[in-house]
Structures are given as structure tokens and as C-alpha cells.
Amino acid sequence: MCQPRSTMAKRHQQSLLSTLTLLLLSLSLLSATPQDDRYQQEQDSPITRFQHYLRINTAHPNPNYTAAISFLKSQAQHHHLQTLTLEFTPNKSILLLTWPGSNPSLPSILLNSHLDSVPAEPSKWVHPPFAAVRSDDGKIFARGAQDDKCIGMQYLEAIRNLQAENFVPVRTIHVLYVPDEEIGGLDGWAKLVASREFEELNVGFVLDEGQASPGDEFRVFYADRSPWGLVIKAKGMPGHGSRMFDNGAMENLMKSVEVMSKFRESQFDVVKAGLAANSEVISVNPVYMKAGIPSPTGFVMNMQPSEAEAGFDVRLPPTADPDLLKKRIADEWAPATRNMTYQIIEKGPIRDYTGRPLMTLTNDSNPWWSVFKQAITAVGGKLAKPEILPSTTDARFIRQMGIPALGFSPMKNIPILLHDHNEFLKDTIYLNGIKVYESLISSLSSYGGASL
Ligand SMILES: [Zn+2]
């Protein structure tokens, strides 16, 4: 259908007008006004830089390490930090940023964080997990907001502020970003500690991730528990379901489960009585059981199987004796006398290279501890009693080298949301954390003075 000429001309005029308006609008945006300056500042602030990092999806199983590293490299260039990318496994780079100290021969300070995060289920979140939405009350929602992209950016912001004050570190500061912490660190820290490049860093002290504190005190961790995967297997004569006989596979396995449950109870009782924290005892939790003869409708009910198996997640605090536990497993939990075998999958070291338990001393015999404590107090922070982390971090690889390492993430008065839905960090807590790191970096890097 054809339109009358006059209408078409009018339309033409209108579209010309709107093009002009758009052109003028873009021109006005290009010319700088005080208001625009403010706009620019908002575009590049500690909070927006944090949001930018959070928006890079580094969740497993497909973490975008390349994008994260290129963003961090661009930040490092602003701070005139030296950058080095190490690749021990293809597509799993490690980024090392270095701020050289005035006395580079002194043992250095290393600030560690991991690039990756656990996956998120978007449907269970109030905001998309990789949008880093900041709510009106200052909550920044994102996977990694607490674990642990916050510290990765706070290290850099603290360095930026110290540089603005012309602070010069005595000891060299290294800031490290590693892949794969959330999946065991075998392609990250495990390979790094074994490298010549790491040896050359001459690391004296490490700060690694900790955990949020719902109370008014910062939490600090001096050890991790060591995880073991324990699989016990029982074998026995198969038989008709109606028969009663000794040493059947199921019977043998169930006897073990009973003994292990008693041990678990004895450990848990200590926790329930308030005599130890959860992370200070050996935990033994059943995670699977496998037995039975499958049938199209489920399992054959009139057969006693000849094999049965169970898996346990075992966690050892550094104070536990691994040899003693191994003996207990061999003698009581899976004894050969009951036709049982077992397999222990040790996920990481238990002792350091000199044979000492993997823990960092938190008393005055460790000078780094004293410097750490004073630096927190200097910015008005309070520290809770040092703890063992119930789970595991990359710090175990560092402590294995005999290097003191503390787990610390400066977040207080906030729920613990690592690996949870709706993980968030408040902007004020994030900004305060930068101040805490300024104090820590300046104290730790000056410790001992230039004369050492
Ligand atoms: Zn973490």
C-alpha cells in the first residue's frame, strides 16, 4: 500500500530531527563538564574495578583464566608492577606481579589468591552470579565476592594507595594469582612450589585466603585440615538371602561402619562439649556405600553379595598423627582378618619437608605473627583466636615448604557465604579491607628494616 506524499515528507523530517538530536547528545557527552568528570571517576573506582573482576566468569568447569589474567595485567601496568606469567599446564597460567623492595636480597612477602571459583546455580540467586550487581544497601552480589576475588583486588588497591603516598617497601612484594585452587591445586600451587621460579622468589612469609567472620573480630587461620579419601572394601562368600553364615561381605563392611561410627562419635562429642572446634578433631564422614546385585527393578533381594564397599571423607588436623590413624584403619576399620582391604587417597601433604606438622606458629616465637598482629591493631582491627581451617586451601603447599603462611580475608560482621547461593560482600567492608592490607603490606615489607 502506498502512503500519501505529505505523510512521507513529514516522516522524513522527523527522522532527520531525531538523528540531529542524537548527534547533539553524543557531542555533549564528548565535551567535558565537572559532572562528566564525576561520571568518569565512578567508572573507575575501587568498587567498579572489583565489579569488573567479578564479572569475569572463572567458575569451574570452564574458568576463563585468559580474561582474568589480561584484566589483572592491565591493572598491574597502572601500578608499574613487574608481571610474569608462568604456565606449567596449558591454559592454566599463573600470574605473578612484583613490586621490588629497596633490599631485594631479603626474603620476600607473597600475597596469594586464586583465580577460580566454584560454579553457581543462577536460578537460586537474587541477582545473576556474574553480574556483580550492587544493591542500594551496598551489597555486591557475585560468585567469588568472598572467595576470593575480594582479596585479589584488595592487594592491588592497597599497593596503589601506598604508591600514591610514595611508600617504598624494603622487602619485595609478590602478588600471585593461581588457577585451580577449588579443584585441588594440582595444576596450580602444587606445580609452582616444585619450580625453580618459586625458589628464586625467596619467599619469607605468605598471606593467603581466610574466611568471613559473622562477628566483630577478624578470623585468622594457621593451618588447614588435610583431606583423605578412604575407601574400604569387604569380600565374602555369596549366599542365598535366607542363609545365616559368618564373614559375608556385607556383614564385614557393616562391622567396620559400626566401629568407624563410634570413632566419629568420640570426636564429635569433644566438639559438642565445647572442648575443641570442629576443625581441631578428625572428622570421618561416610559419603557413599556400594553393594548389592542390581536387577531391572532395583536390587536382587534374595542374594547376599560377595563384595561391598564404602567411601569416607576423612579430615586430619595438623595435630593428628597420620601414622596412628593409618594403623587404626589397618587394625580396626578394614582388617585383613575380616577379608577387608582399603585405599587411602591422600590429597596433599600432611607434614612439611622437615617432618613437622603443617602449621604456622601464632605466638611470639614467630616474628611474622607479631608483625601481622600489630598491623591489624594499628588500623583498629581485633583478631579472634587463631583457628584451623575446617577445609583445605593452597596454603598447605606453602607450609609444606616450611614457609609461614596465614589465612586471612578481612571481612567481619558479614555472613559466611563462600560456595553459597547469593554470595555477596558489602562495599564498606571491601573498602575497609583495602586499609587493612595497606597496614599489613607496609608493616610486613618493612619488618626487620633495611639493615637485615
Ligand atoms: Zn577460596
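Summary of values
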read-out: Region 85-109, residues that are aliphatic (A, V, I, L, M), more than 16 Å from the ligand (Cβ to nearest atom) and under 22 Å from the mean Cα position of the chain (by Cα); value: L86, L95, L96, L97, I109
read-out: Some residue of region 139-152 being within 16 Å of the ligand (Cβ to nearest atom) and within 18 Å of P349 (Cβ to Cβ); value: no
read-out: Residue within region 163-171 that is hydrophobic (A, V, I, L, M, F, W, C), in contact with an Asp or Glu (Cβ under 9 Å, 6 or more places away or on another chain) and in the same structural domain as A405 (by TED's automatic domain parsing) present; value: yes
read-out: Output for region 163-186, where each listed residue is out of contact with any His (no Cβ under 7 Å at 6 or more places or on another chain), farther than 15 Å from L111 by Cα and more than 16 Å from the ligand (Cβ to nearest atom); value: A164, E165, N166, F167, V168, V170
read-out: Residue within region 419-427 that is touching a residue at least 24 places away in the same chain (Cβ under 8 Å), within 16 Å of the ligand (Cβ to nearest atom) and surrounded by fewer than 21 Cβ atoms within 10 Å (Cβ to Cβ) present; value: yes
read-out: Tally, over region 389-446, of residues that are at positive phi and among the small types (G, A, S); value: 1
read-out: Meets criteria (charged (D, E, K, R) and under 20 Å from E209 (Cα atoms)) for K124; value: no
read-out: Residues of region 113-129 satisfying the condition of being more than 10 Å from the ligand (Cβ to nearest atom) and either modelled with pLDDT under 95 or not in a helix (DSSP H, G or I) (or both); value: L115, P119, A120, E121, W125, V126, H127, P128, P129
read-out: Counted residues, region 389-402 - those being in contact with an Asp or Glu (Cβ under 6 Å, 6 or more places away or on another chain) and among the aliphatic types (A, V, I, L, M); value: 2
read-out: Cross-chain or 6+ apart pairs with Cβ under 6 Å, region 183-212 first and in contact (Cβ under 8 Å) with a residue 60 or more places away in the chain, then of a type in the set (F, W, Y) and away from the ligand (no atom under 16 Å from the Cβ); value: K191/F88; L192/F198; F205/W368
read-out: Test for A384: is it touching a strand residue (DSSP E or B) at 6+ places or on another chain (Cβ under 7 Å) and in the same structural domain as P318 (by TED's automatic domain parsing); value: no
read-out: Filter result (closer than 29 Å to W99 by Cβ and either of a type in the set (V, I, T) or not in a loop (DSSP other than H, G, I, E, B) (or both)) within region 135-156; value: I140, K149, C150, I151, G152, M153, Q154, Y155, L156
read-out: Condition met for V259 (touching a strand residue (DSSP E or B) at 6+ places or on another chain (Cβ under 7 Å) and among the β-branched types (V, I, T)); value: no
read-out: Selection within region 386-418 - under 15 Å from W189 (Cα atoms), away from the ligand (no atom under 16 Å from the Cβ) and touching a helix residue (DSSP H, G or I) at 6+ places or on another chain (Cβ under 8 Å); value: Q400, M401
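The values are calculated or read from the model by the stated rules, or taken from the named source; none is laboratory data. Predicted, not measured: the structure shown is a model, and the values here were computed from it. Glycine gets a Cβ as well: all are built from the backbone with ideal geometry, and neighbour counts include every protein chain shown.
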